[in-house]
Each structure stands twice: as C-alpha cells, then as structure tokens.
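Quick notes on the structure that follows.
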Amino acid sequence: REVARGAGIVPTAFYRHFSSMEDLGVTLVEDAMRVLRRTLREGRRDLAARNALPSATNSLEILLDHVRDNEAQFRFLVREQHGGVSEIRRAIDTELRLFAKELAIDLARIPELVAWTPDDLELVADLIVTVMLTAVADLLDGEYRGAIVETEVIDRTKRQLVLVFLGMSRWDPGRSG
C-alpha cells in the first residue's frame, strides 16, 4: 500500500502489474541490468565507430557514469545481492551471469583469445564482472564519499583489471585447473 501510495496509484493497480513486492524487486533488477548492458553495448559501438578498440577502462568509465546517473538503482542491487529476498538475489545472479556471458562473447572476438575454451572465457568474464561490481559497491559505500577516495577506488580497480589481463596473457587455454 505504501508503494502504491508513493507512486500515486491505488493498491489494486499495483497488483495488476506485480503479484508481490518480490515481483516488483525482480522487475527492478531486470530493468536496471538490461539498461546497463545496453549502455555498455552502445559505448562499445561508439568506440568501434571511431575505430578505437574497447577496453576495460572504457567499460569501467561507462559503468561508473551509469552508476552515478542511477545511484538509487545500484544501491538497491548492491544491497540486495547478498542480503535481500531469495527471488531478488536469484534475479541479480541471473543478470550477472548474462552480463558475464555477453562479455565472454566479446572476449571471444579478440584474436589472441580464439584458442580459449568457452569455459575459460566465461571464467575470466565472471572475474572482470566481479571486479567491476566490487568497485561499484565500494563507490556506493558511505565511507567512500569524496573525489579523493573515489579516485583511489577507480585507480585500484584499473590496477586489478590490468592484473586480470596480465594473467590472461599467461594463461594456457589447453590446461585445466
């Protein structure tokens, strides 16, 4: 009732669209992540149109701009990822897996990675997504307010991504474990 009142609608109108608050939460997760994936895709397309290669730094910058513009959504995602209702946690997990799969497809297009197995590509994509999501959580954390600390978080994240990519250059795609 509070949500319906806040939205300026009657409760019956809310329940015509959502069967429960959890259903609303899942929809918020799906919408937020769909917009983020589209934003990152458009950013990669813009770089390609300028004949520039997309990089992890470009993606990080696009992500952080998107987080700044949609802070409330990302606070919700970060908060609910580990401590929310199970349906919402599953929705976030599903969306992050979709995100990693899409990144793995992009990575597979890199000539140096053509010998990599889909499992290895998904593994590194998941690692990159985890690093970036940790940066988002750190930036949204109350003690990480201010330009100096924000710069430190961004620099640390860039260094982490460099380490991931350095590790990728040494990875033998033929080995397991």
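The values are calculated or read from the model by the stated rules, or taken from the named source; none is laboratory data. Treat the numbers as computed from the prediction; the structure is a model and nothing was measured. Neighbour counts are summed over all protein chains in view; Cβ atoms, including those assigned to glycine, are modelled from backbone coordinates with ideal geometry. Side chains are part of the model used for accessible areas, which takes the heavy atoms of the whole protein and leaves out ligands, DNA and RNA. Shrake-Rupley method; radii C 1.70, N 1.55, O 1.52, S 1.80 Å.
Quick grid of which residues meet (1) of a type in the set (V, I, T); (2) part of a helix (DSSP H, G or I); (3) more than 14 Å from L64 (Cβ to Cβ); (4) out of contact with any strand residue (DSSP E or B) (no Cβ under 9 Å at 6 or more places or on another chain):
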{"site": "Q81", "(1), (2), (3), (4)": "no, yes, yes, yes"}
{"site": "T134", "(1), (2), (3), (4)": "yes, yes, no, yes"}
{"site": "L139", "(1), (2), (3), (4)": "no, yes, no, yes"}
{"site": "D155", "(1), (2), (3), (4)": "no, yes, no, yes"}
{"site": "R159", "(1), (2), (3), (4)": "no, yes, yes, yes"}
{"site": "F165", "(1), (2), (3), (4)": "no, yes, yes, yes"}
{"site": "P173", "(1), (2), (3), (4)": "no, no, yes, yes"}
Exercise. Would you list the helices (runs of 4 or more DSSP H) that sit entirely within region 1-63 and hold 2 or more residues that are modelled with pLDDT of 85 or more?
Key: 21-49
Quiz item: Out of (1) at pLDDT 85 or above; (2) surrounded by 14 or more Cβ atoms within 10 Å (Cβ to Cβ); (3) among the basic types (K, R), what's the single condition that is false for R90?
Solution: (2)
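Considering each of E95, E150, E122 in turn, give the residue that is under 19 Å from the mean Cα position of the chain (by Cα), within 23 Å of L40 (Cα to Cα) and touching a residue at least 24 places away in the same chain (Cβ under 8 Å).
E95
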Quiz item: Here are D126, D141: which of them is surrounded by fewer than 18 Cβ atoms within 10 Å (Cβ to Cβ) and out of contact with any helix residue (DSSP H, G or I) (no Cβ under 7 Å at 6 or more places or on another chain)?
Solution: D141
Quiz item: Within region 103-119, is even one residue modelled with pLDDT of 85 or more, under 11 Å from the mean Cα position of the chain (by Cα) and either within 23 Å of Q160 (Cβ to Cβ) or open to solvent by 70 Å² or more (accessible area, probe 1.4 Å) (or both)?
Solution: yes
